[in-house]
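K.L.:
Take a look at this one; I'll ask things after.
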Amino acid sequence: MPAKKGQKFKHYPESVKVEAVRLFIEEGWCYRKITEHLDINDRKRVSVWVRKYQAIGEASFEDRRGDPHRSETEQARELRRLQLEVDILKKWL
């Protein structure tokens with residue numbers, strides 16, 4: 001089902017994901033019992049976490065939201081700010 005405009009999704013921390021996968025793999029709990037125990041809204045979500053864990057491992061739980069290629073440093077921000085300041089002063093004069 002596609003997302004609706006303005007819909008908010010619940011974000012689960014890495015610790016909850018790891019615990020859900022551990023309960024399924026090591027303890028043998030069913031998806032329904034895990035979702036009730038950890039207060040997860042969607043049973044399918046746990047199955048997706050388990051499949052990703054089995055395919056990729058621990059790296060499947062990393063939060064990859066945002067721009068991964070953005071590596072602007074404090075120095076680069078200061079340089080950009082000063083360049084804007086110079087441009088404004090040139091226009092003003």
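The values are calculated or read from the model by the stated rules, or taken from the named source; none is laboratory data. Not measured: the values here are computed from a predicted model. Note that we place each Cβ from the backbone using ideal geometry, even for glycine, and neighbour counts take in every protein chain shown. All accessible areas refer to the heavy atoms of the entire protein, side chains included, with ligands and DNA or RNA removed. Shrake-Rupley method; radii C 1.70, N 1.55, O 1.52, S 1.80 Å.
K.L.:
Looking only at segment 44-63, which residues are surrounded by 11 or more Cβ atoms within 10 Å (Cβ to Cβ) and among the aliphatic types (A, V, I, L, M)?
P.N.:
Val46, Val48, Val50, Ile56
K.L.:
Still on this model: Residues in segment 4-22: is at least one open to solvent by 100 Å² or more (accessible area, probe 1.4 Å), at pLDDT 90 or above and not acidic (Asp, Glu)?
P.N.:
no
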